[in-house]
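Read through the structure below, which is laid out as C-alpha cells, and then see the notes.
Derivation of every value follows stated rules applied to the coordinates shown; laboratory data play no part. Fair warning: this is a prediction, and the values are worked out from it, not measured in the lab. Neighbour counts run over all protein chains shown; Cβ positions are idealised from the backbone, glycine included.
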C-alpha cells in the first residue's frame, strides 16, 4: 500500500484544491501555498490515510466478493484493474470535484447542488466500479467520512467549512458547537471511492 499512500499525499491534495480554491473549505492550521494554491500539512496526511484506508478495505472486500461472484462479475473485476480505467476514473473524479466547486462558487443552493451531485456520484460508481463490494464501500464513505471530518473540525480545528449547515450551526446537531460540513460534500466522498479503489486494485495486482 506504499504507492497508494504516495498517491494520497500527492494526488489527493491536488484534487482537494478544487474545493479550497473557491473557499468551500479553509485551512486553519499548518497551511502553506504552492503556486498560489493553499494546502495544509494535516490535509496531506489525512488524504494519505484516506487513500490507504479505501484501498485496503476495497481489496479485502473484493476478496470476499470474489469467493462467490459469477463469471460476469469476475470479468468486471479484470476490467477495473486496467490502467486506462484507473486513469479515466481519476480524470472523471477531477471533473466531478471541479463541477461541485463551480456550482458552489455560483451560489447554487445546497439542496439543488445535492440533487445534481448525488446521481452523478451513483453514475461514477456504475461506470467505473459496478461491484457490490464497491457499492458497500461507497456507502460506508458516504456516511463515515463526514462523521470523521466532523470530529477533525470539532476537536482538532485543522480546517472548517465557512458555510456548513449540516452537522453544524443551523444544521444537525447545531447544539454541539460551531463547525460542520456542507450537505452535499458526502457525495464527493462517495464519488471519490471508485477511482481510489481502482488505483489500489491495479497497484495490488501488479505488486503480487
Whole-Å distance, taken between Cα centres, linking the stretch 105-163 and the stretch 1-56: 16 Å
Order of 90, 196 under a 10 Å beta carbon neighbour criterion, fewest first: 90, 196
Gain on full stretching of the segment that runs from residue 28 to residue 6 - 0.36 nm per residue minus C-alpha separation: 5.5 nm
